[in-house]
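Below: the structure, in structure tokens.
The values are calculated or read from the model by the stated rules, or taken from the named source; none is laboratory data. All values derive from a computational prediction rather than experimental measurement. For neighbour counting, all protein chains shown are included, and Cβ atoms are generated from backbone atoms with ideal geometry for every residue, glycine included.
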């Protein structure tokens, strides 16, 4: 037993000694969280100001902000009166909290396989799952890459099915000059600390139809707020992450996470909204759904003020990876969608797909958090098997790509990225 715990401690402390280690946090380099300034501001106005700025970014006037994207999704299910017996088609490569919202509403999740070209939702696979019980289709854009959204939009119009765009991982990317989030009847955006716009936590729901939005606003009056104690924990965690990000010592988060795991078992209030990652939806320390915390809006305003700089950094790192990998044995592992002129991709992570990825992942482990690679299996962010969420192992593309996928962080300095490229990606001789 002692050796078991010793192994856990050694594994958790290993990254502490490697200054290159990155746990996939999105950039906060343009944020300066000033507690004195924050406490002096009108907190209600902060949220309104952030919403106005976000409207300018996405071009849709009808938005509501929440403490997470999944809460906005759950709110939309209530607005649409989704209930028991209804079916919602969702991409198999998704987060367990989205499935939890569907199950919580009483509806049934129906899983569609992913498209191997865009690594997001597939129109062909969705069409196979439509029934007379289908109330909603979710089109998911992954890694900054738009999915087959034009084809999915036509499919939904043909069958008169509500289309929700999941833009949690993709912000402002375009298909034929039209931004993602503009095709569906509604869209959700994530403000989580690993997502395009890092506000530590938060989400936005946009709705096209004015009548539907009016109903959403009425129901929004009953949405609760996260407690001040919980918000205080969240602010402290963000400040710590921000400090370590700027000092290039994010490796130390593993130590803090280990301590947090122990403290949570002793009843400590967590800074995260992760108590409903699995199928349990009761006994959580925050309202569900909940409104966007003012501190997230405060961070979001600074992030939006510097959005173009964040995009520029990611694009520079993206282009560097394309250039260097094109000269390596990993050239064939680069998704062809990256060269498709139909798409204007604002990248979040750089994706490669290689059948010898285990070798590469083992070496990358000293630089990035391998566990943080998205979609290594259907339905992530849960300790439970995917089958507990009603998944029937019937999405072979999702499973095959999941075994072979690697995502590389783009929110790092070019020097850090060059070290990663030179020491791992180029020197690893894969076909």
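A few notes on this one:
- Considering residues of the range 249-287 that are closer than 17 Å to residue 411 by Cβ and touching a strand residue (DSSP E or B) at 6+ places or on another chain (Cβ under 9 Å) only, the residue surrounded by the fewest Cβ atoms within 10 Å (Cβ to Cβ): 251
- Flag for residue 50 being touching a strand residue (DSSP E or B) at 6+ places or on another chain (Cβ under 8 Å) and either at pLDDT 85 or above or part of a helix (DSSP H, G or I) (or both): yes
- Residue check, residue 137 over 26 Å from residue 334 (Cα atoms) and within 19 Å of the chain's Cα centre (by Cα): yes
- Number of the condition not met by residue 427 [criteria: (1) surrounded by fewer than 20 Cβ atoms within 10 Å (Cβ to Cβ); (2) at pLDDT 90 or above; (3) out of contact with any helix residue (DSSP H, G or I) (no Cβ under 7 Å at 6 or more places or on another chain)]: (2)
- The set of residues from the range 373-420 being within 30 Å of residue 29 (Cβ to Cβ), surrounded by 13 or more Cβ atoms within 10 Å (Cβ to Cβ) and out of contact with any strand residue (DSSP E or B) (no Cβ under 9 Å at 6 or more places or on another chain) comprises 418, 419.
- When 100, 142 are checked against the criterion of being within 22 Å of residue 380 (Cβ to Cβ), within 15 Å of the chain's Cα centre (by Cα) and in contact (Cβ under 8 Å) with a residue 40 or more places away in the chain, a single residue qualifies: 142.
- When the helices (runs of 4 or more DSSP H) confined to the range 298-410 are screened for residues that are out of contact with any helix residue (DSSP H, G or I) (no Cβ under 6 Å at 6 or more places or on another chain), farther than 30 Å from residue 128 by Cα and modelled with pLDDT of 95 or more, those reaching at least 3 such residues are found at 307-325.
- Residues located in the range 288-321, provided they are in contact with a strand residue (DSSP E or B) (Cβ under 8 Å, 6 or more places away or on another chain) and assigned by TED's automatic domain parsing to the domain that holds residue 419: 317, 318, 321
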